[in-house]
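The structure under discussion appears below in the form of structure tokens.
The values are calculated or read from the model by the stated rules, or taken from the named source; none is laboratory data. No experiment lies behind these values; they were computed from the predicted model shown. Positions of Cβ are backbone-derived with ideal geometry, glycine not excepted, and every protein chain shown enters the neighbour counts. Accessible surface areas use protein heavy atoms only, side chains included; no ligands, DNA or RNA. Shrake-Rupley method; radii C 1.70, N 1.55, O 1.52, S 1.80 Å.
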Amino acid sequence: MQIPTHCFSKRNPKSGMRRIGITILLCYLVFISSGSLFSQVTTGYISGYVYDPGGNVIAGAQLTATDSLHSEERTVASDENGFYRFTELRPGTWSVSASAPEFETMINTDVRVTVNARARLDFQLPISGMQQSIEVSAPLTPIQTESSDLGMTLDREKIESLPLNRRDFLQLALLTPGVNTGTEESELSTRGGFAMHANGGREEFNNFLLDGIDNNDAYVNGYTLQPSADTIQEFKIETNNYSAEYGRS
């Protein structure tokens, strides 16, 4: 189960000021199925193209994505442009294979899917000779080209290895470029909680989603439910160019 929390830009009807904030997505280790209404902010995507050795697209190639940890498998076929896409994949490490008649099978065994992220994975299949398959085990860490949003995903390894005061996972948000602690004597910081702001925006303008569900305290503009750091698989902080679905208008 994933937990999203967002902070984004919004118009204040009284002052006309533009609100700037952060988007924070969290993912529980204890997975609970969530409705399709919220799947777009709690899952990830893998997409790309399938080519032959000459760089021509291969239509009708079969691609299979497997999450061995949860015994889940998805299968899609490339379209007439050689394009394929896996949608609504749970965060984790996936193995993706591509095959087509008269071509060798290729497998990438370490494709990392993070919450609300789009991974690009292209295949260039060798012409079939002897019956064999090609396996790629290097982790996939591509430059994000499928989305213009800016932010950072903090995974389980960082949550476990970095020190946290009072086990407040949100303190790790300070690792994200543009995110800073709240100003001295601000309303949220004086209440004893952790306060932050992004790119000069006010800390009260942050928006928090928990598994795609609103998790905002309307009185103090902080989160209502604070999940334990031990139950979070990963969370994502988005600071700019995030999707309109995160608006609170």
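The table that follows gives values for the structure above.
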quantity: Top-ranked residue in segment 89-108 [being touching an Asp or Glu at 6+ places or on another chain (Cβ under 6 Å) and more than 22 Å from residue 238 (Cα to Cα); ranked as surrounded by the fewest Cβ atoms within 10 Å (Cβ to Cβ)]; calculated: 107
quantity: Answer residue from segment 211-232, given it is within 16 Å of residue 171 (Cα to Cα) and not polar (S, T, N, Q) and is modelled with the lowest pLDDT among those; calculated: 222
quantity: Residues (open to solvent by less than 60 Å² (accessible area, probe 1.4 Å) and modelled with pLDDT of 95 or more) located in segment 67-78; calculated: 76, 78
quantity: Candidates 194, 208, filtered to the one that is at pLDDT below 80, farther than 30 Å from residue 97 by Cβ and either buried (at least 18 other Cβ atoms within 10 Å of the Cβ) or within 18 Å of the chain's Cα centre (by Cα) (or both); calculated: 194
quantity: Output for segment 100-116, where each listed residue is charged (D, E, K, R) and not in a strand (DSSP E or B); calculated: 102, 104
quantity: Contacts under 7 angstrom Cβ, first residue in segment 217-241 being without any contact (Cβ under 8 Å) to a residue 40 or more places away in the chain and part of a loop (DSSP other than H, G, I, E, B), partner open to solvent by 10 Å² or more (accessible area, probe 1.4 Å) and among the β-branched types (Val, Ile, Thr), 6 or more apart; calculated: 217/224
